[in-house]
Amino acid sequence: MKQIDFAVRVLTLNPGGINGGYTSQGATQKIMLEHPFSDGWQVDSIQNVQMSADGISVMLLLVKYESDTMPTKSK
């Protein structure tokens, strides 16, 4: 496998999804819509970057992989 792309996203998580934040379910849906795991995307790391009255802001590092093996030709 070789890495072919990456993305960094910062999302604010809070119980009600208020003030521009996301619930954990809403954040998962957003990430999977923008970076589908079926296309080779994976969550590499998640870091807590800030806690505030609006919620917990987390930074997600997503990476996209593709197979580096050569496809076999059919005869």
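Put +1 on the Cβ of each Lys and Arg and -1 on the Cβ of each Asp and Glu in the chain; which of Ser67, Gln29, Thr12 then has its Cα farthest toward the positive end of the dipole? Toward the positive end, the furthest listed residue is Ser67.
For the chain, the Cα gyration tensor yields ellipsoid semi-axes of 33, 12, 6 Å (square root of five times each eigenvalue, largest first, whole Å). Of all aspartates and glutamates in the structure, those lying under 18 Å Cα to Cα from Lys64, and not within fewer than 8 positions of it along the same chain, are Asp5, Glu34, Asp39, Asp44.
Legend: ranking of residues Thr23, Thr72 from fewest to most surrounding C-beta atoms inside 10 Å; resulting order Thr72, Thr23.
As a rough footprinting exposure proxy, the listed residues Tyr65, Tyr22 were ranked by other beta carbons within 10 Å of their own, and the order from fewest upward is Tyr65, Tyr22. In order along segment 51-61, phi translates into HN-Hα couplings of 10, 8, 5, 7, x, 10, 8, 10, 10, 10, 9 Hz, rounded to whole numbers, per the Karplus curve 6.51 cos²θ - 1.76 cosθ + 1.60 with θ = phi - 60° and x for Gly and Pro. To the nearest ten degrees, helix 24-34 and the longest principal axis of the Cα atoms of the chain are 40 degrees apart. Among Lys64, Lys73, Lys30, the order by Cβ neighbours within 10 angstrom, fewest to most, reads Lys73, Lys30, Lys64.
FYI, it's all coordinate maths here, none of it is from the lab. Just so it is clear, the structure is predicted and the values come from calculations on it, not from any experiment. Note that each Cβ is placed from the backbone with ideal geometry, even for glycine, and that neighbours are counted across all protein chains shown.
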